[in-house]
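Working notes for the structure below.
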Amino acid sequence: MISFLALLILPLLSSTHNERIQTDENAEFKALYAITSTSPETAYVVGETGTILATRDGGKAWTILHKPKGPASDLYGIAFANRALGLAVGRDGIILRTTDGGKTWSQIPSGTTHSLLSVRFATATDAWCAGFEGTILKSDDGGKSWLAQRPGVQNHIWSLTFSGKKTGWACGSG
């Protein structure tokens, strides 16, 4: 719910009082869990049932980029290395990858069934994701393949951040 509120509040802070946020009239409203941006105009948000939305006008309008047919895993994290290369992660170890700014998404094998909650790029090609039961995965090829790391904990890891290739932090529960 917090991510959903951020989606509604942040664009309002940068717009005049008489502008309205537009969404697809046929869109089903889902819980949204994470948001990232690649420029002041472009942002992406992920949520329930594989939902990925994007804005390319600073939040005035949002477009559905990914809405799977049939049952789909919730997505909990999203990150972009640049305007083209992005990753989304979620329930049951799902990893989705785009190389065209979100126009198309491909599922990438993660090697885990643990839910992934956070994803970040440390560099343009080094990506990390983390999740339930101490799961940490690393990619050194822009998210094409993933290797499990051994963090030495079994607690859920909720979030990751990096200040460079060799410096990062993770936080979790327990």
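Here are the numbers for the structure shown:
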{"quantity": "Selected residue (criterion: least open to solvent (accessible area, probe 1.4 Å)) from residues of region 86-106 that are β-branched (Val, Ile, Thr) and more than 15 Å from residue 72 (Cβ to Cβ)", "calculated": "98"}
{"quantity": "Residue list for region 86-133, restricted to those being in contact with a Lys or Arg (Cβ under 8 Å, 6 or more places away or on another chain), not small (Gly, Ala, Ser) and not in a strand (DSSP E or B)", "calculated": "105, 123, 126"}
{"quantity": "Checking residue 130 against (1) under 23 Å from residue 68 (Cβ atoms); (2) open to solvent by less than 20 Å² (accessible area, probe 1.4 Å); (3) within 13 Å of the chain's Cα centre (by Cα), the condition it does not meet", "calculated": "(1)"}
{"quantity": "Residue in region 64-103 that is nearest to residue 38 (Cα to Cα), counting only those that are among the polar types (S, T, N, Q) and modelled with pLDDT of 95 or more", "calculated": "82"}
{"quantity": "Meets criteria (open to solvent by less than 60 Å² (accessible area, probe 1.4 Å), of a type in the set (Gly, Ala, Ser) and assigned to a loop (DSSP other than H, G, I, E, B)) for residue 77", "calculated": "no"}
{"quantity": "Odd one out for residue 109, checked against (1) in contact (Cβ under 8 Å) with a residue 24 or more places away in the chain; (2) surrounded by 13 or more Cβ atoms within 10 Å (Cβ to Cβ)", "calculated": "(2)"}
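The values are calculated or read from the model by the stated rules, or taken from the named source; none is laboratory data. All values reported here derive from a predicted model rather than from experimental measurement. Don't worry about glycine lacking a Cβ; one is built from the backbone with ideal geometry, like all the others, and counts go over all protein chains shown. The area values use the complete protein model at the heavy-atom level, side chains included, leaving out ligands, DNA and RNA. Shrake-Rupley method; radii C 1.70, N 1.55, O 1.52, S 1.80 Å.
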